Amino acid sequence: MKPKHIFQILLLSAVWGVSFLMMRIAVVTFPPVWISLLRCALGASLLWTVLLIGGYSLPPRRLAPWLLLVAMLNNAVPFTFFAWGERTVPSNMAAVLNATVPIWILLFSMLIYRQRTGRGTIAGVLLSFAGVVIVIIGQSGGGAAHVVSAGMLF
């Protein structure tokens, strides 16, 4: 992997991870809907800047209703729930639980499309869940009660 790509991945991880910490700080002052609005506004501003600097064009207006629907379901609603959840769950736990989303997507897509599961896929899912459990145990101080309560959030 090129050093440029490693830097980009580290930068993405830092920005993505710090958003949970910022939500935890902001939830003391702002309601969850406002936090979601601020996150979406900042993200949109960044994307507009990238579009302008890169000389890209906007998608056709006929797609605007669909793009708005996707933005609401993929960004605004989940960001609101994250901010709401961080009133009671530590930000590092929220970030770890959010990291399980690709695992759940894989499992649900296999269920919906009734795809056969290979040994590699099963091993990957088990390894992923094991990693999440290890991180949760490490963050909770090793108590089994914390792992059980964190499992209830799934």
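The values are calculated or read from the model by the stated rules, or taken from the named source; none is laboratory data. Treat the numbers as computed from the prediction; the structure is a model and nothing was measured. No Cβ is skipped: glycine too gets one built from the backbone with ideal geometry, and neighbour counts run over all protein chains shown. Calculation scope for accessible area: heavy atoms of the full protein, side chains included, ligands and nucleic acids excluded. Shrake-Rupley method; radii C 1.70, N 1.55, O 1.52, S 1.80 Å.
Residues within the reach of a label modelled at Leu21 (point 7 angstrom out along Cα to beta-carbon, backbone nitrogen below 18 Å), restricted to segment 62-106, are 83, 86-87, 89-99. Computed from the C-beta positions of Ala76 and Ile122 and an R0 of 41 Å, the FRET efficiency is 0.75 to the nearest 0.05. Relative to the longest principal axis of the C-alpha atoms of the chain, give the angle of the C-alpha long axis of helix 32-54, reported between 0 and 90° and rounded to the nearest 10°. Helix 32-54 sits roughly 60 degrees off the main axis of the chain.
Using a 1.4 angstrom probe on heavy atoms only, work out the carbon and sulfur share of the accessible area of the chain in %. Intermediate values should be presented prior to the final figure.
Details: 8620 of 11650 Å².
Here it works out to 74 percent.
In a DSSP loop and with at most 13 other Cβ atoms within 10 Å, the trypsin sites (Lys or Arg not before Pro) in segment 48-145 are Arg87, Arg114, Arg116. Taking θ as phi - 60° and the Karplus parameters 6.51, -1.76 and 1.60, the scalar couplings of segment 91-98 work out to 4, 5, 5, 4, 5, 5, 5, 5 Hz in sequence order, x denoting glycine and proline. Taking label points 7 Å from Cα along the Cα-to-Cβ direction, Arg87 and Phe129 give a separation of 3.1 nm.
Across segment 125-135, coupling constants 3J(HN,Hα) worked out from phi with the 6.51/-1.76/1.60 Karplus curve, θ = phi - 60°, read 5, 5, 4, 4, 5, 4, x, 5, 4, 4, 5 Hz, and Gly and Pro carry x. Largest first, the residues Phe79, Phe30, Phe20, Phe108 sort by 1.4 Å accessible area into Phe108, Phe30, Phe79, Phe20. In plain terms, the chain from Ala14 to Asn98 could stretch by 28.8 nm, reckoned as 0.36 nm per residue minus the Cα-Cα distance. Per residue, the accessible area of segment 20-131 comes to 75 Å² when a 1.4 Å probe rolls over the protein heavy atoms. Extending 7 Å from Cα along the Cβ direction at Ala41 and again at Arg62 yields two label points whose distance is 3.3 nm.
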